[in-house]
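The values are calculated or read from the model by the stated rules, or taken from the named source; none is laboratory data. Note that this is a predicted model, so its numbers are computed, not measured. All Cβ positions, glycine included, derive from the backbone under ideal geometry; neighbour counts span all protein chains shown. Remember, those area values only see protein heavy atoms, side chains included, never the ligands or the DNA or RNA. Shrake-Rupley method; radii C 1.70, N 1.55, O 1.52, S 1.80 Å.
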Amino acid sequence: MSSDFTDGDEPREFVHDDDGGPDPETHCGHGRGGMGEEVRRKEDKRFITGRGNYIDDIKKPNMLFCDIVRSPHAHARIKNIDKSRALDVDGVVAVLTAEDLLEHDLATMPTLMSDTQDVLVRDKVKFQSQEVAAVIAEDRYAARDGADKVVVDYEVLDPVVTAEEALKDDAPVIRDDIEGQTDNHCLDWETGDKEATDAIFEEADVTVSEQMLYQRLHPAPIETCGSVADFDPGKDKLTVHMTSQAPHIHRTLFSQVSGIPEHKIRIVSPDVGGGFGNKVPIYPGYVVSAAASYVLERPVKWIEERSENIQSTGFARDYDMTGELAATEDGRIQAVRTDVLADHGAYNAVAQPSKFPAGFFKIFTGSYDVDAAYGSLTAAYTNSAPGGVAYRCSFRVTEAVYLIERMVKVLADELDMDPAEIRRKNFIQPDQFPYETPTGWNYDSGDYEAALDKALEMADYEHYREEQQRRIENDADKLIGIGISSFTEVVGAGPGKTCDIAGVEMFDSCDIRVHPTGNATVRVGVQTQGQGHETTFAQIVAEELGMDVDNITVEHGDTDTDPYGLGTYGSRSTPVAGAAAAVAARKVRDKAKSIAANELEAAEADIEWDRQSGEFHVAGAPDRSITITDIAASAYMNHPASEEPGLEAVDYYDPPEMTYPFGSYIVVVEVDRETGEVDFEKFVAVDDCGNRINPMIIEGQIHGGLAQGIGSAMMEHVTFDDNGNVTGGDFMNYLLPTAKEIPNFETGHTVTPSPHHPIGAKGVGESPLVGSPPAIVNAVVDAMAHEGISHIEMPMTPDRVWETLDSVGLSRDPSDSFEIEFGDTGAEPADD
Amino acid sequence: MKSAPFEHHEPETVAEAVSLLEALDEPTILAGGQSLVPMLRFRLANPDAVIDLNRIDELDYLEEADGMLRIGALARHVDIEESALIADRYGSFADAAPLVADPQIRNRGTIAGSVAQADPKGDWASVLLAHDGEVVARGPDGERVIPADEFFLLPYDTTLDENEMITELRVPTPLDREGSAYHKLKRKTGDYAMAGSAVRIVLDEEGTIETAGIGLTAVDITNVRATDAEESLVGERPSKEAFKQAGELAAEQSHPESDEHGDASYKERMVNVLTQRALADAAERAGLVVKRVTA
Amino acid sequence: MSTKDITLTVNGETHSLTVEPRMLLIHAIREELDLTGSHIGCDTGNCGACTVVKDGEAIKSCLTFAVQADGSEIETVEGMEDHPDADGGLHPIQEGFEQEHGLQCGYCTPGMIMAGKAILDENPNPTEEEIREGISGNLCRCTGYQNIVKSIQYASDKLDENGEVAAADGGRAETDGGFTCGVENCCGGTGFDHTGGDNE
Ligand SMILES: Cc1cc2nc3c(=O)[nH]c(=O)nc-3n(C[C@H](O)[C@H](O)[C@H](O)COP(=O)(O)OP(=O)(O)OC[C@H]3O[C@@H](n4cnc5c(N)ncnc54)[C@H](O)[C@@H]3O)c2cc1C
Ligand code: FES
Ligand code: FES
């Protein structure tokens, strides 16, 4: 498997100047689009010219459309489904129900946690919008007409809407389909050393505690889910184009569900309009379209509506957490304790490595060197859509970081310490790495204080502290709050022995083929949804082979041609597939050396490769050199007797460890005391993701994640009424921030390479969404901390903020903010 | 979501539209479509026939005439937003326009459609109420002028007859020493109001408030007038005390509902805040000097 | 099932279609004309992925029926490279998105580009605030908008430069109205005059 990931080279810091391209002053970036260069994205051309190929752009001759009939009730027994009127509708070809699927053994599908979910409801509806029947028609309007005419007779049952209610003794049992299940309890989990932790808490000078809900969110990529299934009876082959972040694992699951052998299934993930974890699970729509195509022997397209997307597909978070810290009087954190009540919805469908039922939540000790920690969690079934997907997140690291970063602020306020100071005091120090946390993580590298210091400087921290004080003293109408988050992330799952999805180890792969004319095709097992893989993977290969990035094409998303991989989520593409790309490239380079030796008539041991020029030359004789282009030609036209012809390599990379990016974010807000509205004054993000492949793309990732962090902290929430109806189930009610709610971000970076990664990179995609919500909440809380406020729940809607202001006498009447003057006489209005 | 089938009619004159309204079985009028199209797509409305007003050029105007600002049924939000006339003389309209939805929707949606939609969260009805505006309707029996005060019945329900259409909205042209303003609190750009307050005041020569109109958004089953607040202002000189009292009275008269975006008490409070803020702006626009104390 | 015959001029090319009145303009463009650059991202008119320019104005083509666009001129992202400002290559707005990393998944991008075009057609030198307002009807889940704003600024600068060059060459100046792209109220041609707004 993963062979030589020690290149002999020390990991280098890649520097770039802000105008793009390598910095001529430094040694980095070879100028042909290698590491550290701000290469413009190779994929952009098709998107900016309208030539992208997203799922709904795919058209096949004779294609049918699928529309899904969904339950209006959250909990109900289906007594009867009458399809007859639907079948009479012009253009309707078929109406499928669970009964029809049962005939083909397709009635259920496994979730990513190996629970069994109905594809179409067999007996009992478990959440509003659950899939009840599917109408297949000649066009999408007819399919909808048909869906309207399917008559379903429901016996409505009492719904269980919250996890708290679900665990009450008299709660109706949702999962009576599971043998032996007599309540709504889904799972328990614990981590750390309870005894040691409790003991510290008993003795500690200071303890603080806070309850906080990480509310239910939806990743809500702008493109919804969809599929085009095409069963070819001639070849007995099923091709499914689908919005998938993980096509290979989806092929395996499809094969398991359908019984079609895996080599007779091809999954293609075309251009995907954003994923963020939403497109990791399998959804009934995909299965139904495949089943319909199989039965009807025609291509079938299913495209989800936005409301269907939010109401029925994988939500994220919904962790109700209690956090506690024990500390010394002078602010040294000794122990962390937490207890979580998790809402998993109607099925256990969290998208997590199977050995981690609470995902990576156990990273909740964060960036701090604490003596002991203990965490426990209970998860419940409720009558809501299943989920718990990793929304731009490595499996609950977002919740964990929120918990610890919020608690540090709570402790700082309790001790009346500066929140930057208390962090400094508790950071794991650079010389402590590799560092093992009390819950068993093994952090690879870090320099937390450097990132914090840089962020403080960029944010003009002292100035805002003074301004904050000034406003308080002047009883100003707007308060200033400053929030900090110094997070540590865990990304890059595997290793395969500890991390798997549905049993498949979480490695990833890269296949490089250098063609006779010197350019290369690179295929990877991960799948881009906007992260820029077609560019960054090309840069890695360009760097490692000395090639020009323009001569490299990256392909992905087709299970027929790409090597098996576990997909893109949890910021694992760079740490895992990026490593595979580097290692595969080095394998190619090794072979290239042997060809070079043959061409230059020297011993292979005497051949050196120069990273800067990309050329191979004879040691001590730089003139006797050969380029990779010429080597490629030789590989096919004059290959050495000792080698096979050709110039290619594949690598399946099983990471030895995860990587641990980190950073410090500082947010300055202005809080309107009259309305509770919050404005962003300053937003600084310093990230350390190890060595940087394409700074432009990294910065773009940071911007996007920060905007999502603002959405999470300020407005996003999937809400329900007492009947389990989703009240925040479309873009009118599930609010995404627009360009006007998002400020300009100031980004900075430090570079602490990962010692175990072939190119020292750590992964960055999710950091900004993981790290920013606590910084934002800390900022708003900070604006009122002088009056004793310690917490505000997300989303911090104006009403919540105002209620909090009001609860401590900080709300303000507009009449205190203006004065009307009647001119000099005091009688006449000023003339217009 | 996809609409159910319907027939599409495109009259070119109001007369033609009115006869279609009479002739067809429960037709629905389509103006900007920015509320109706989503309703059709979600099949919340399933008309057999749609009468599309967009080709009736005679409805496309925004002008002052005979002492009235006249807004034709095809005047779009953007027309208000970009009009120099509005910017100069109608503070509340100028405030409201850019706060409605987003640029694309403002390019299509009409003021009259918004008023006909009678969504209590809509902004224009409040402005119309604050200005003592009128709705001009045309039906088989000719024209009828309905005071805005009598127009709104329930959410999505007005006193317009089934075979009537709105041809024009109008408000009196501004008097000397008149000022108006609209303030809206929303959860994000492009969103409907959590609460909104439109105010219009007219001062007499002494600087005393002679006329006051206040229309509220999203805090009752329809857009409503805050009559107690209006009464409290008349005869008073603009002052922070008077405005504060008016804000409180407006809040008392509102009946918002609690929902996931705010409970009723907060929204009441915001009616107070927004009304005071709008009054301060209106006073300024009426010619007073309003000193803002911010720090 | 009643249908209607309509004519749409899309990116300068005239098409005759027979459509059901209920067919949304976005579906006509995508399905009937196979121009799949414009996307659908919601069912409530919030996301702007479907933004096209109709008769010089940015609209959401999911909030308009195709029959309503009968006889009108529509511009979509696919027409941008043929626009005179593109000068045979990418249109400056497209170029801006590429240079300033204004896109990630690319799904919102065609709508953003068309919203950007409408902004610049009306106001060739918008401030950052004006750009943010102009794209506030378009949701992007990937970029955090900062680079989209920069992309439109890039185009504004580039068009300015081109304008100056052209003017110096005796070519068209930005506002002389000598050039029209064929679309009424577009390209600074006849100006943007609505219904008596400035009849004071
Ligand atoms: C995403 C989004 C956000 C929005 N945000 C806001 C907002 O913040 N504030 C706000 O006020 N509005 C908002 N709206 C609604 C928008 O303002 C609509 O334009 C307006 O409500 C309806 O005007 P219209 O011309 O589009 O009417 P249509 O949608 O065509 O019609 C609406 C209703 O009025 C009827 N109607 C239309 N014209 C007439 C007439 N002349 N005579 C009789 N009946 C008629 C129709 O039959 C229909 O029932 C939003 C809409 C969307 C989609
Ligand atoms: S698809 Fe038109 S606004 Fe979302
Ligand atoms: S680039 Fe993905 S939604 Fe904007």
For this session: Look at segment C:14-51 and say how many of its residues are within 19 Å of C:P110 (Cα to Cα) and away from ligand 1 (no atom under 16 Å from the Cβ).
Result: 13
Problem set entry | Residue match in segment B:15-28 (condition: in a loop (DSSP other than H, G, I, E, B), surrounded by 23 or more Cβ atoms within 10 Å (Cβ to Cβ) and more than 7 Å from chain C (Cβ to nearest Cβ)) | no
For this session: Return the only residue of C:E122, C:E133 being within 12 Å of chain B (Cβ to nearest Cβ), under 22 Å from A:L735 (Cα atoms) and either without any contact (Cβ under 8 Å) to a residue 60 or more places away in the chain or away from ligand 2 (no atom under 16 Å from the Cβ) (or both).
Result: C:E133
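The rows are residues; the columns are (1) part of a strand (DSSP E or B); (2) touching a strand residue (DSSP E or B) at 6+ places or on another chain (Cβ under 9 Å); (3) open to solvent by 40 Å² or more (accessible area, probe 1.4 Å).
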residue	(1), (2), (3)
A:K59	no, yes, yes
A:I78	yes, yes, no
A:I81	yes, yes, yes
A:R85	no, yes, yes
A:D90	no, yes, yes
A:A94	yes, yes, no
A:L106	no, no, no
A:M109	yes, yes, no
For this session: For segment B:30-42, state whether one or more residues are touching a helix residue (DSSP H, G or I) at 6+ places or on another chain (Cβ under 9 Å), away from ligand 2 (no atom under 16 Å from the Cβ) and open to solvent by 40 Å² or more (accessible area, probe 1.4 Å).
Result: no
Exercise. Identify, please: which residue in segment A:686-732 is among the β-branched types (V, I, T) and part of a strand (DSSP E or B) and is, among those, surrounded by the fewest Cβ atoms within 10 Å (Cβ to Cβ)?
Worked result: A:V726
For this session: Identify the single condition in (1) more than 16 Å from ligand 3 (Cβ to nearest atom); (2) closer than 16 Å to A:P221 by Cα; (3) not assigned by TED's automatic domain parsing to the domain that holds C:N11 that C:G106 does not satisfy, given that it satisfies every other one.
Result: (1)
Problem set entry | Flag if C:E81 is surrounded by fewer than 24 Cβ atoms within 10 Å (Cβ to Cβ), more than 16 Å from ligand 2 (Cβ to nearest atom) and within 9 Å of chain A (Cβ to nearest Cβ) | yes
Problem set entry | Set B:V127, B:V145: member being open to solvent by 30 Å² or more (accessible area, probe 1.4 Å), in contact with a strand residue (DSSP E or B) (Cβ under 8 Å, 6 or more places away or on another chain) and more than 13 Å from every other protein chain (Cβ to nearest Cβ) | B:V145
For this session: Scan segment B:204-255 for residues that are within 11 Å of chain A (Cβ to nearest Cβ), touching a residue at least 60 places away in the same chain (Cβ under 8 Å) and under 22 Å from B:W124 (Cα atoms) and report the count.
Result: 0
Exercise. Within segment B:92-116, restricting attention to residues that are open to solvent by less than 10 Å² (accessible area, probe 1.4 Å), part of a helix (DSSP H, G or I) and not basic (K, R), which residue is farthest from B:I29 (Cα to Cα)?
Worked result: B:S92
For this session: Would you confirm whether any residue within segment B:42-63 is more than 24 Å from C:A58 (Cβ to Cβ), more than 8 Å from chain C (Cβ to nearest Cβ), among the acidic types (D, E) and free of Cβ contacts under 8 Å to residues at least 24 places away in the same chain?
Result: no
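Okay, residues lined up against (1) assigned to a loop (DSSP other than H, G, I, E, B); (2) modelled with pLDDT of 95 or more; (3) crowded, with 22+ Cβ neighbours inside 10 Å:
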site	(1), (2), (3)
A:R424	no, yes, no
A:L456	no, yes, no
A:E466	no, yes, no
A:Q469	no, yes, no
A:I482	no, yes, yes
A:G496	yes, no, no
For this session: Pick out the one residue from C:G48, C:G106, C:G102, C:G116 that is within 15 Å of ligand 2 (Cβ to nearest atom) and open to solvent by less than 10 Å² (accessible area, probe 1.4 Å).
Result: C:G48
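Residues are listed down the side, and each one gets a yes or a no for (1) more than 8 Å from ligand 1 (Cβ to nearest atom); (2) farther than 22 Å from B:M194 by Cα; (3) modelled with pLDDT under 95:
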| position | (1), (2), (3) |
| --- | --- |
| B:P27 | yes, yes, no |
| B:L36 | no, no, no |
| B:L53 | no, yes, no |
| B:D57 | yes, yes, no |
| B:R70 | yes, yes, no |
| B:R76 | no, yes, no |
| B:L85 | yes, yes, no |
| B:A94 | yes, no, no |
| B:A97 | yes, no, no |
Exercise. Applying the selection to segment A:172-212, what residues are open to solvent by 50 Å² or more (accessible area, probe 1.4 Å) and closer than 29 Å to A:N733 by Cα?
Worked result: A:Q211
Exercise. Out of all the residues in segment B:64-91, which are touching a residue at least 24 places away in the same chain (Cβ under 8 Å), closer than 17 Å to B:A181 by Cβ and either open to solvent by 50 Å² or more (accessible area, probe 1.4 Å) or not in a helix (DSSP H, G or I) (or both)?
Worked result: B:L69, B:E81, B:R89, B:Y90
Exercise. B:K2 is checked against (1) within 11 Å of chain C (Cβ to nearest Cβ); (2) touching a helix residue (DSSP H, G or I) at 6+ places or on another chain (Cβ under 9 Å); (3) in a helix (DSSP H, G or I) and fails just one. What number does that condition carry?
Worked result: (3)
